[in-house]
Ligand code: GLC
Ligand code: CA
């Protein structure tokens, strides 16, 4: 794309605004050595597949050394690759092989907490007077009770008692994930050094985990209970607390700023009126994930077993609210799925309507919004949720936590299982379905987690050369956004909602230098007539073969079109 552009915001040209990112969950992508676990060599063997799809950045969930209590989000050595995934040499080779294909690699950066098996934590616990004890958050208990009544994200208290003492350490997530104490300057320097070590290797940047939890309310006081467990949601005391800006600014200055890298932060809890600090041109990050519409099916506390009802009109409102607020101040990340979410088709489309049409419509709907699109592995072939028949079939730590909470709230086992199935993070973590051979081409041995038994029908091999597949449709979307005469409009163009008077239609206009595209997505399972009030110059993409384009257009169920007007 050319470097000078005269556009509506005078928007800065950045390589990561023009990128399409593909997220790999390494444990479930491709197993090269028949131990049932995906690995780096497996990823390397699929780079040509990803190149063919058209993406140019890969974000890989954590592959650092880890006891895997939370599948790698519990790191015991930031400078080593876990042997399950390979070696540092494999990692260097991956960066190199990707580069040969013009693909950048970004890694997950998990620095809100480490593993309890990290050497710092082991030293801290061994000697509470050592300097390492202050690398973590350790407080005295009160009358043999934990210091506060905060509830961890995965359920239960955030405090874990340190054996033979009256002291407790804090963990916002699981007890094997003790929080690092960002108030400690020496610890912060250790983190910056580690980040620069990876950036010096030629990484393209980082996806930054749970970063809005790094500052805690310094008063450490209990709050009124908000559940029958007598605990209070940890977010009230540890999420996006004031003073966090100081840490985030320093983090950026001492690391990311020195490289031309991309940073995408998992930053829940940032209100829209605070967004500029995070994502403006000199914000803390290149972009952040907005959870407002990914989590519209959850209640306020994010409990899976108390799902909220929602409508497509509400979804539309949340998407446009997010787009408009982000557009005012900076850049956003677009996604429907990740390793913490169920499959998007099962979330956003009623079961009886799941089809090629609804899958490609959903894809178009989010892909043409303003921001950098992320595709989660398997989304491009339309992978679906995987129903587990028994609670023991799950691996995910938070699924167990939610199941326990559901039982405590009085649900029976069958209902609790049904509800966690809908939202379990394992829905996205089953092996990638490469073909219809045994074990879906993911491994030659027993996979670490169940394979979705629809793999004979839904798999990459059957779709790659089929022009009418979900895969080919994604390929087309990527090429239109990245390498077409419309790329400038789709990347740098202004966004504005349209046709909001129609129910269950998510439509918007992208405009740059007086050229406009209209993207219309029909979430109705019936035909709907829409009056366009504008001339159609050209139909750029359509997930049906036909389109009646009179002044009144007839949209078929889950039809989606991109029109030049
Ligand atoms: C983030 C990750 C999630 C992990 C948690 C704790 O939310 O996306 O997978 O469990 O942080 O690190
Ligand atoms: Ca393996």
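The values are calculated or read from the model by the stated rules, or taken from the named source; none is laboratory data. Bear in mind that the values here come from a model prediction, so they are computed numbers and not experimental data. Cβ coordinates were reconstructed from backbone atoms using ideal geometry, including for glycine residues, and neighbour counts include every protein chain displayed.
Taking the condition of being without any contact (Cβ under 8 Å) to a residue 60 or more places away in the chain and either within 16 Å of ligand 1 (Cβ to nearest atom) or not in a loop (DSSP other than H, G, I, E, B) (or both), how many residues in the stretch 30-54 meet it?
Counting residues in the stretch 30-54 that are without any contact (Cβ under 8 Å) to a residue 60 or more places away in the chain and either within 16 Å of ligand 1 (Cβ to nearest atom) or not in a loop (DSSP other than H, G, I, E, B) (or both) gives 10.
Taking the stretch 181-203 only, how many residues are out of contact with any helix residue (DSSP H, G or I) (no Cβ under 8 Å at 6 or more places or on another chain), under 18 Å from residue 91 (Cβ atoms) and either assigned to a loop (DSSP other than H, G, I, E, B) or at pLDDT below 95 (or both)?
0
Restricting the stretch 385-408 to residues that are part of a loop (DSSP other than H, G, I, E, B) and within 16 Å of ligand 1 (Cβ to nearest atom), which is surrounded by the fewest Cβ atoms within 10 Å (Cβ to Cβ)?
Filtering first and then ranking leaves 395.
Return yes or no: is residue 353 closer than 24 Å to residue 265 by Cβ and touching a residue at least 12 places away in the same chain (Cβ under 8 Å)?
In short, no.
Return the only residue of 20, 110, 57 being within 16 Å of ligand 1 (Cβ to nearest atom) and in contact (Cβ under 8 Å) with a residue 24 or more places away in the chain.
The unique qualifying residue is 110.
Hey, among 200, 179, 226, which residue is surrounded by fewer than 17 Cβ atoms within 10 Å (Cβ to Cβ) and under 24 Å from residue 65 (Cα atoms)?
Testing whether each residue is surrounded by fewer than 17 Cβ atoms within 10 Å (Cβ to Cβ) and under 24 Å from residue 65 (Cα atoms) leaves just 200.
Just one of (1) at pLDDT 95 or above; (2) over 27 Å from residue 400 (Cβ atoms) trips up residue 143, so point out which.
Here residue 143 meets the rest and fails (1).
Being in a helix (DSSP H, G or I) and more than 17 Å from the chain's Cα centre (by Cα) is the filter; apply it to the stretch 355-375 and report the residue that is surrounded by the fewest Cβ atoms within 10 Å (Cβ to Cβ).
It comes out as 356.
As an exercise: evaluate residue 378 against (1) closer than 27 Å to residue 152 by Cα; (2) surrounded by 22 or more Cβ atoms within 10 Å (Cβ to Cβ) and give the number of the one condition it does not meet.
If we test residue 378 against (1) closer than 27 Å to residue 152 by Cα; (2) surrounded by 22 or more Cβ atoms within 10 Å (Cβ to Cβ), just (1) comes out false.
Does residue 74 fit the bill of being more than 16 Å from ligand 2 (Cβ to nearest atom), modelled with pLDDT of 95 or more and part of a strand (DSSP E or B)?
No; evaluated as a whole, the condition is false for this residue.
Let me spell it out: the conditions are (1) in contact (Cβ under 8 Å) with a residue 40 or more places away in the chain; (2) assigned to a loop (DSSP other than H, G, I, E, B); (3) more than 30 Å from residue 407 (Cβ to Cβ), and residue 215 meets all of them except one. Which number is the exception?
(1)
With respect to residue 345, determine if the residue is in a strand (DSSP E or B), surrounded by 22 or more Cβ atoms within 10 Å (Cβ to Cβ) and within 22 Å of the chain's Cα centre (by Cα).
Considered against the rule, which asks whether it is in a strand (DSSP E or B), surrounded by 22 or more Cβ atoms within 10 Å (Cβ to Cβ) and within 22 Å of the chain's Cα centre (by Cα), residue 345 comes out as no.
Look at residue 17 and say whether it is closer than 23 Å to residue 286 by Cα and modelled with pLDDT of 95 or more.
It is true that residue 17 is closer than 23 Å to residue 286 by Cα and modelled with pLDDT of 95 or more.
Restricting the search to the stretch 252-293, which residues are buried (at least 16 other Cβ atoms within 10 Å of the Cβ), out of contact with any helix residue (DSSP H, G or I) (no Cβ under 7 Å at 6 or more places or on another chain) and in a helix (DSSP H, G or I)?
Of everything in the stretch 252-293, those that are buried (at least 16 other Cβ atoms within 10 Å of the Cβ), out of contact with any helix residue (DSSP H, G or I) (no Cβ under 7 Å at 6 or more places or on another chain) and in a helix (DSSP H, G or I) turn out to be 252, 256, 278.
Considering (1) without any contact (Cβ under 8 Å) to a residue 24 or more places away in the chain; (2) crowded, with 18+ Cβ neighbours inside 10 Å, say which one residue 485 fails and leave the rest.
The single condition residue 485 does not satisfy is (2).
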